[in-house]
1. Name every residue in segment 5-20 that is free of Cβ contacts under 8 Å to residues at least 12 places away in the same chain and in a loop (DSSP other than H, G, I, E, B), in order of residue number.
2. Return the total of residues in segment 23-45 being in a loop (DSSP other than H, G, I, E, B), in contact (Cβ under 8 Å) with a residue 24 or more places away in the chain and in contact with a helix residue (DSSP H, G or I) (Cβ under 8 Å, 6 or more places away or on another chain).
3. Restricting to segment 40-70, what's the tally of residues that are surrounded by 11 or more Cβ atoms within 10 Å (Cβ to Cβ) and farther than 24 Å from residue 12 by Cα?
4. Given the conditions (1) modelled with pLDDT of 95 or more; (2) surrounded by 10 or more Cβ atoms within 10 Å (Cβ to Cβ); (3) over 18 Å from residue 71 (Cα atoms); (4) touching a strand residue (DSSP E or B) at 6+ places or on another chain (Cβ under 8 Å), which single one is not true for residue 30?
5. Could you check segment 46-75 and list, in sequence order, the residues that are farther than 25 Å from residue 4 by Cα and part of a loop (DSSP other than H, G, I, E, B)?
């Protein structure tokens, strides 16, 4: 079976182990919920994928991205 391919919504590059931007938490999924204040039945959502590095580059200008909270604990 062929592995699912992801493309970063910020840089347009593929998200794979061979990418210079690859982080062990990649691919990341962003969920956009439209009409958020309305009842759930009136909302719509779409999922976008990205490199963690690209997300941080855009978002950290305005809000901190706490990577430590995203890393699962070691077994």
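1. Within segment 5-20, 5, 12, 16, 17, 18, 20 meet the criteria.
2. Matching residues across segment 23-45 total 3.
3. The number of residues fulfilling the criteria is 1.
4. It is condition (3) that residue 30 fails.
5. 60, 61, 62, 63, 64, 65, 66, 73, 74, 75
The values are calculated or read from the model by the stated rules, or taken from the named source; none is laboratory data. Since this is a predicted model, take the numbers as computed values, not measurements. Note: ideal-geometry Cβ built from the backbone for every residue, glycine included; neighbour counts use all protein chains shown.
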